[in-house]
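Written below as structure tokens is the structure these notes are about.
The values are calculated or read from the model by the stated rules, or taken from the named source; none is laboratory data. Remember, predicted model here, so these are calculated numbers, not experimental data. Don't worry about glycine lacking a Cβ; one is built from the backbone with ideal geometry, like all the others, and counts go over all protein chains shown.
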Amino acid sequence: MNNRLETFVKENRKDFDVFEPSASLWAKIELELDARQTIEKKNQKKPVKLYLWMSAAAAIVVVFSLVWLYAGRSRNHDLEIADVNAAAAKKEIQFASLITEKRDSLAIFASANPDLYKKFTDDLKKLDEDYERLKAELPTTPNQVFVVKAMVKNREIQLNLLKQQLLIINQVDDYKKVNQI
């Protein structure tokens, strides 16, 4: 088969050399090739730089993690007694209002017995500090019901202490009145 092709080419060599493509045909081919190359360059995707995508993905993950942590912490700081135990919250509100009343009554006697008033307020400050410490522990503690009960008990102790302090102040005032006459 190769021999037949070779012989055909040798016999018709002159015909092959005589018929050459025209110059305008080569110009059209060049133009078309140039147009295809520019189209291919436009369609050709730029190489994706993997490290850029990985960096962007990591940044997004970090941002979402920080937002999630911040939202979780701010939600926990807003935890109230009523969120844990509604009945205990009612008791705590009652105790808090009675404590406010009793403190106001105690403040009235402050001018008559300043030393005694200072001792009484020091005791109440310690209980208030304990209450605030318990309140700060509430969102993070695993046993929130126990902490709520302790907070309510603290308020109850404050109320009883104020009642005793007012009773003592009344007894002191009565004693001063009796000894004055």
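In region 80-94, the count of residues that are free of Cβ contacts under 8 Å to residues at least 12 places away in the same chain, assigned to a loop (DSSP other than H, G, I, E, B) and within 35 Å of the chain's Cα centre (by Cα) is one or more.
Restricting F95, F120, F64 to those that are at pLDDT 75 or above, closer than 26 Å to N143 by Cα and among the hydrophobic types (A, V, I, L, M, F, W, C) reduces the list to F95. Residues that are surrounded by 10 or more Cβ atoms within 10 Å (Cβ to Cβ) and at pLDDT 80 or above: does region 69-87 have at least one? Yes.
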